[in-house]
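Below: one structure, written as structure tokens.
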Amino acid sequence: MAQADISSKRLIALAPDGWVKWVTKTPDMVAQTLLDSEFQWISRDTDTLIKAYSPTTGEILALNEFQFRPHPRMPRRIRAYAGLAEEKYNIRVYPVLINIFPPEGNTPILDHYESEVLGLKARQDYRVINLWETDVEIAFEPNLRGLLPLAPVMKGGASETILRRASLRLEDEERAEDLQRLLGIFATFVLGTNLVEQVMDLERQALLESPWGQAILEQGAERGEQRGLEKGREEGEQRGREQEAVRILHRQLRLRFGEVPELVETTLPRLNVEQLEELSDRLIEVNSLDEFIAALPPLTEE
């Protein structure tokens, strides 16, 4: 299967004039050409440079950076890209950051970079577009069809109707299958795999070999790693509570009945916190060790 040609440049190239008008909010802006965005020290697949011109603004470079979720390092990165682009092409740069998904936790959504060293200040502003706040209907405008593969994650886009409409519109585009696969992948984030597979033929492999596919994999890996760390921490805390409950109950048994039988020794570590706390309460009520042993919950075979 051929590698899917899916990148930010590929999407923007579907309608560059409409795209540059949208991101710059300048109706008379016209895209002239998509430039090489690889620099000597930095190479990125999710940013795109557009050389554009407006009679009111003059010639500019519209730097488009896509980001899956807001990240605190992005302001510094955009400052670097903007500086390198201006140095390479000697044209003023208008940076735009497109956030695809909302931030996780308390990560702020910043629209500028600034720093100060010994009284010297540096600042880089950039426009921020959050797709989850952007009405999905604009993706169906002819001059913004580069947004169609992202339609499901836009405001009002998480529906089977939007998925079908976007897939149908993409049928007329060159390499339509690649674009539809990307649409399907983003749809799974908000609609679930089963529904998406019912609506369209979702073949993942060609997409996952593309730059956007690799970014999706990395995003999923980061989230999976974070969830794994959180799960591990929760499990560790739970295990710590269980071990402490076993220690306390074991001490109470020795104080009351002396030596603890092997049956009790092997049973207590296999109980959960709730069972151990219930046994601690029961220990106060029983009159003998035999009564306590009889109160031990049955253990299931592992």
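The values are calculated or read from the model by the stated rules, or taken from the named source; none is laboratory data. These numbers come from a predicted model, not from an experiment. Here the Cβ positions follow ideal geometry from the backbone for every residue, glycine too, while neighbour counts run over all protein chains shown.
Some points to look at:
- Taken across the stretch 98-119, residues that are over 29 Å from LYS51 (Cβ atoms) and assigned to a strand (DSSP E or B) do occur, with at least one present.
- The stretch 1-35, subset of a type outside the set (A, V, I, L, M, F, W, C), closer than 23 Å to PRO149 by Cβ and surrounded by fewer than 17 Cβ atoms within 10 Å (Cβ to Cβ), residue modelled with the lowest pLDDT: GLN3
- Criterion applied to ASN130, ASN90 was being surrounded by 15 or more Cβ atoms within 10 Å (Cβ to Cβ), of a type in the set (S, T, N, Q) and without any contact (Cβ under 8 Å) to a residue 40 or more places away in the chain, and the one residue passing it is ASN130.
- Helices (runs of 4 or more DSSP H) lying entirely in the stretch 205-302 (those with 2 or more residues that are closer than 30 Å to ARG10 by Cα and at pLDDT below 80): 211-257
- Test result for LEU110, touching a helix residue (DSSP H, G or I) at 6+ places or on another chain (Cβ under 9 Å), aliphatic (A, V, I, L, M) and within 18 Å of TRP22 (Cα to Cα): no
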